[in-house]
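The values are calculated or read from the model by the stated rules, or taken from the named source; none is laboratory data. For clarity, every value in this text was computed on a predicted model and none was experimentally measured. Cβ: placed from backbone, ideal geometry, glycine included. Neighbour counts: every protein chain shown. Ligands, DNA and RNA are excluded from the accessible area calculation, which covers all protein heavy atoms including side chains. Shrake-Rupley method; radii C 1.70, N 1.55, O 1.52, S 1.80 Å.
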Amino acid sequence: MSTNAAALPRAHGPKGPREIPQHVSPGLWTLAWRRLRADRVGMVSLYIVAAFLVLIALSASGLIARDWAREVGVNYAPPTFVGPDENATGPGAASATAAEGPTEATTFKSSVVDPIGDVIAELRGEKPADAGPASGGVVDPLADVMKDIQASKGTAAAAPEEARALTLPFGGDKWGRDVLKKTIKGSETSIFVGIAAALLATAIGTLLGALAGYAGGWVDDALNWFYNVFSSIPYLLLILAVAAVLQQKGMSTIILILGLTGWTGIFRLIRAEYMKHKGREYVQAASAIGASNARRMFMHIFPNVSHVVLVQLSILVVGFIKAEVILSFLGFGVPVDVVSWGSMLNEAQNELILGKWWQLAAATAAMALLVTAFSLLTDALRDALDPKLKGLAGH
Amino acid sequence: MKQTDRMEGDPLVSVRNLRVSFRLDRHNVFDAVRGISFDIPRNETLALVGESGSGKSVTALAILGLLPPENSIVHPGGEIVYGGRNVAGLPQRELRKLRGADISMIFQEPMTSLNPVFTVGYQLEEVLRLHRGLKGAAARKRSIELLEEVGIPDPSFKIDAFPSQMSGGQQQRVMIAMAIACEPKLLIADEPTTALDVTIQKQILELIAQLQRRHQMSVLFITHDLAVVGEIADRVVVMRNGEIREQGPAKAIFEAPQDAYTKALLQCRPRLDRRPTRLPVIDDYMAAGHHGPAHMEERARGVAAADPVILDVRNLSKSFWSREGLFGKREFKAVSNVSFRLHKGRTLGLVGESGSGKTTVGLTVMRLHEATGGEVLFEGKDILKMSEAEFMSYKRRIQIIFQNPYASLNPRFTVGQILTEPMLIHGIGATTQERAELAFEMLAKVGLPEVSFYKYPHEFSGGQRQRIAIARCLTLKPDILICDESVSALDVSVQAQVLNLLADLQDEFKLSYIFISHDLAVVKYISDEVMVMSDGELVEMAGSDEIYRAPKQPYTQRLLSAIPRGWQPAARSA
């Protein structure tokens with residue numbers, strides 16, 4: 001609709017010699033929006049999804065969660081809102097993880113010697129370095145953790161350290177980073193990857209589908225062959241193969257992988273839609289007035305199938321968010337220095353043995369909320385855009 | 001014939017003060033039926049006549065209790081009395097006993113009413129099993145009897161056929177067989193012949209009339225077509241906008257209509273025996289200050305020898321190939337060797353039953369289909385041989401108006417976009433402003449307000465949409481307009497308006513029309529010459545008065561004799 005609005009006089013009155021009545025009719029998108037507005041579940045989902053989008057926009061622009069990597073709390077700071085004094089999980093967690101000597105010692109010591117927190121803060125810079133090798137010989141399983149800590153110590157030590165909190169409202173990870181901020185940052189990665197990959201896949205699928213469906217003949221045959229090759233390989237294997245070939249890890253790589261492998265479903269749908277619409281009378285009428293093939297494809301048919309594209313896009317976003325989580329979980333996804341829901345779940349896998357459930361809970365809750373809301377929104381969108389319901393609102 | 005004026009006992013069904021509303025959304029309610037009362041007498045045919053939106057089908061569904069419960073409201077206070085009790089508020093279980101056994105219904109589209117994955121025999125036997133308890137061989141025997149009764153040839157063989165293996169007429173016969181399987185007391189027929197060709201329509205009407213007499217049923221016949229009603233109805237109820245305008249015996253309705261709307265309905269349909277300059281429209285009767293239609297004098301039609309030929313079609317052929325087997329192809333000749341001439345400023349009517357190739361002729365002539373053979377000479381030049389670029393300037397001059405105004409306008413475009421796009425493509429009008437001015441001019445020409453420019457097609461009624469489609473063609477200032485069933489989907493009153501518009505435009509712009517239709521009365525009205533097609537071949541071509549007066553070919557004779565004649569007192573009294 002908006003594509004060729006430029007070719008026409010503005011609805012708000014061309015300055016002609018005659019009296020032109022002012023009138024703006026609700027287009028089909030406006031009507032669909034009105035129907036969506038009447039759908040309570042759809043609107044709640046829309047608000048949730050919008051809230052997530054605002055959140056990741058803020059985090060991407062650095063307004064919130066910029067310092068997500070800062071180690072603000074003690075290692076595995078337990079989640080609580082009330083503070084360390086009435087901390088019930090502290091001792092429990094400590095006894096459960098008796099093996100990790102230095103950490104436990106720090107926690108214990110800190111909670112007892114509260115007044116001299118600033119002293120401890122100064123000490124702590126050296127503490128893991130000293131304690132690390134000492135305990136490394138005794139407790140093997142934590143050796144790599146200690147190495148990690150040492151590795152990150154360089155950056156952590158550069159800035160003057162302030163006091164680490166003993167508990168955090170949403171808990172801390174094994175380096176004492178705030179799980180809430182980490183989740184926000186992880187959402188940014190996961191949702192961005194999901195949306196960008198879905199846009200890429202939708203663009204490829206729609207373009208090829210439109211070509212195949214509209215042109216028919218050998219173009220259709222060739223594209224169908226291409227489609228069949230892609231869809232005959234198990235999806236996850238294809239992703240792993242591409243991931244292995246591309247070698248370098250990064251967000252753009254995973255977007256590319258998902259986009260290049262995920263276009264098949266929308267291709268099939270859009271191809272079918274174009275085949276159906278090609279024979280419709282309004283397209284024949286466009287042909288009769290001399291509209292070119294490109295014009296018929298993109299100006300006449302595309303607006304009429306755009307609701308299918310939108311719904312598919314929405315479905316793909318959900319699918320790709322989940323795919324990114326799985327890939328990152330398996331270690332094929334985003335690089336280690338980037339946090340995503342998948343890498344959080346990957347970390348949580350080991351933590352769970354230690355009883356540190358909060359990172360898993362945070363990532364899972366955020367993902368479940370967004371995916372559920374997005375899926376419900378997709379359903380509501382489909383209902384609102386379904387042309388079959390048009391008659392009910394039309395007259 | 002039954003006596004229409006016999007003493008009536010108590011009626012089979014009494015509808016009293018029936019009101020039905022539909023919930024559109026949370027706030028709006030649409031009153032589809034606004035308090036109507038009528039009786040369906042025993043052993044007679046009652047016709048419920050009205051245009052789209054009159055509430056006639058809703059009334060039938062209300063009698064059957066088939067209204068969608070989620071958005072329809074049958075207002076309490078109304079009554080539908082059948083067999084001494086009010087069935088309006090009965091629970092579904094009770095209603096189901098009535099449906100099929102006592103009251104049954106046949107619908108407009110037999111193709112969608114029959115289940116395509118079961119044989120017709122299975123579907124018939126299912127009805128008998130559910131309502132009559134017949135099983136196995138007994139059910140099959142009864143099914144064959146029923147198929148025989150509704151005139152299916154070779155019923156013991158056809159009983160195992162799937163619906164797709166039957167023609168539309170046969171499918172409708174199967175529907176009727178299912179409807180009468182349990183000897184219902186009332187048969188509701190909702191536009192049962194609208195989707196059928198005129199010759200099949202005649203057979204189905206005769207069948208319904210015959211069955212009604214034989215089984216002593218009452219028939220509630222719902223239609224928009226008064227001509228059909230005249231042939232079979234004993235009593236007529238005329239509805240408009242959910243209200244009854246007039247009801248009475250058929251004789252009274254046809255010979256002395258009291259209501260202005262009934263009069264208008266009777267007059268605005270083209271007739272075979274008259275051709276007024278303008279067809280009367282509803283407003284001629286309904287609007288205050290009007291006293292009957294004007295311009296009722298006869299319009300002369302016909303082609304004079306001196307009329308220049310604008311389009312000369314020679315031996316036009318069009319075949320479609322369907323793949324068969326691995327490598328095989330089967331040719332289907334949609335049009336074979338059709339030749340005709342179209343004279344400037346005249347109308348060539350093209351009639352034939354569905355599948356006769358008349359639409360293919362129209363599409364091939366303007367190169368929307370690629371011809372298999374033949375020539376189309378437009379002012380002496382063969383447009384079929386032209387390159388796409390050469391043809392572009394001719395494309396503008398041949399335009400087409402399609403049948404379905406709901407499908408031929410892009411729903412995502414505003415009317416302004418629809419009207420200015422052709423001009424943009426063909427470089428008519430230098431600026432956007434100029435093109436908009438032209439579009440406003442065309443809107444005025446087809447009688448739509450200027451505000452339409454900003455609206456979307458879905459905001460218009462069928463007739464208005466067809467005007468928009470006509471305006472779109474006019475923006476290109478064409479010489480030839482192909483009207484492909486352009487008025488077939490419209491209500492009779494709207495049809496009259498569009499036909500008048502087409503006639504006016506022809507007078508003003510000297511347009512030449514190829515008017516394709518299955519409706520012989522409409523073709524007779526609008527055409528100078530008529531061409532009859534059957535199975536892709538030209539059967540007969542002659543002046544329109546001549547062909548209706550003295551058809552030469554047996555096919556044409558058969559076609560013409562099937563036209564519903566409306567009310568014919570002579571035939572009734574026989």
Tell me whether segment B:421-440 contains one or more residues that are at pLDDT 90 or above and either under 28 Å from the mean Cα position of the chain (by Cα) or at positive phi (or both). no
So B:V539, is it within 19 Å of the chain's Cα centre (by Cα) and either at pLDDT below 90 or open to solvent by 20 Å² or more (accessible area, probe 1.4 Å) (or both): no
Pick out the one residue from A:P17, A:P9 that is farther than 22 Å from A:K356 by Cα, at pLDDT below 55, touching a Gly at 6+ places or on another chain (Cβ under 9 Å) and not in a helix (DSSP H, G or I). A:P9
Filtering segment B:436-454 down to residues that are touching a residue at least 24 places away in the same chain (Cβ under 8 Å) and either within 21 Å of A:A291 (Cα to Cα) or in contact with a strand residue (DSSP E or B) (Cβ under 6 Å, 6 or more places away or on another chain) (or both) yields B:L438, B:A439, B:M442, B:F453
B:E331 is checked against (1) open to solvent by 60 Å² or more (accessible area, probe 1.4 Å); (2) more than 28 Å from B:A521 (Cα to Cα); (3) part of a loop (DSSP other than H, G, I, E, B) and fails just one. What number does that condition carry? (3)
Counting just the residues of segment B:186-214 that are aliphatic (A, V, I, L, M) and touching a strand residue (DSSP E or B) at 6+ places or on another chain (Cβ under 7 Å), which one comes out surrounded by the fewest Cβ atoms within 10 Å (Cβ to Cβ)? B:L186
Given the options B:L481, B:L490, B:L448, name the one that is surrounded by fewer than 22 Cβ atoms within 10 Å (Cβ to Cβ), more than 10 Å from chain A (Cβ to nearest Cβ) and of a type outside the set (K, R). B:L448
What single numbered condition from (1) touching a residue at least 12 places away in the same chain (Cβ under 8 Å); (2) under 25 Å from the mean Cα position of the chain (by Cα) fails to hold for B:Q165? (1)
Within segment B:360-389, the residues that are within 13 Å of chain A (Cβ to nearest Cβ), open to solvent by 30 Å² or more (accessible area, probe 1.4 Å) and within 23 Å of B:K477 (Cβ to Cβ) are B:R367, B:L368, B:E388, B:A389
The lone exception for B:L443 - which of (1) open to solvent by less than 10 Å² (accessible area, probe 1.4 Å); (2) facing another protein chain (nearest Cβ under 7 Å); (3) in contact with a Phe, Trp or Tyr (Cβ under 8 Å, 6 or more places away or on another chain) it fails: (2)
Does at least one position in segment B:41-52 carry a residue that is open to solvent by 60 Å² or more (accessible area, probe 1.4 Å), out of contact with any Lys or Arg (no Cβ under 9 Å at 6 or more places or on another chain), touching a residue at least 24 places away in the same chain (Cβ under 8 Å) and of a type in the set (S, T, N, Q)? yes
Could you grab the pairs with beta carbons closer than 9 Å, sequence gap of 6+ or different chains, first residue in segment A:342-369 and within 25 Å of A:I48 (Cβ to Cβ), second one of a type in the set (K, R) and surrounded by fewer than 17 Cβ atoms within 10 Å (Cβ to Cβ)? A:M367/A:K322
Is it true that some residue in segment B:307-318 is open to solvent by 20 Å² or more (accessible area, probe 1.4 Å), aliphatic (A, V, I, L, M) and touching an Asp or Glu at 6+ places or on another chain (Cβ under 8 Å)? no
Just one of the numbered conditions (1) modelled with pLDDT of 90 or more; (2) touching a helix residue (DSSP H, G or I) at 6+ places or on another chain (Cβ under 7 Å) is not true of B:H343; which one? (2)
Consider B:Q403 against the criteria (1) more than 11 Å from every other protein chain (Cβ to nearest Cβ); (2) surrounded by fewer than 24 Cβ atoms within 10 Å (Cβ to Cβ); (3) touching a residue at least 60 places away in the same chain (Cβ under 8 Å): it satisfies all of them except one. Which criterion is unmet? (1)
Please find, within segment A:276-285, the residue that is farthest from the chain's Cα centre (by Cα) out of those that are part of a helix (DSSP H, G or I) and of a type outside the set (S, T, N, Q). A:A285
Total residues in segment B:415-438, condition open to solvent by 20 Å² or more (accessible area, probe 1.4 Å), more than 8 Å from every other protein chain (Cβ to nearest Cβ) and in a helix (DSSP H, G or I): 3
Consider segment B:134-151. How many of its residues are in a loop (DSSP other than H, G, I, E, B) and open to solvent by 10 Å² or more (accessible area, probe 1.4 Å)? 3
Scope segment B:25-57; condition within 27 Å of the chain's Cα centre (by Cα) and over 28 Å from B:Q216 (Cβ atoms); matching residues: B:F30, B:D31, B:A32, B:V33, B:R34, B:E51, B:S52, B:G53, B:S54, B:G55
Out of the helices (runs of 4 or more DSSP H) lying entirely within segment B:174-287, which hold 1 or more residues that are at pLDDT 90 or above and of a type in the set (S, T, N, Q)? B:198-215
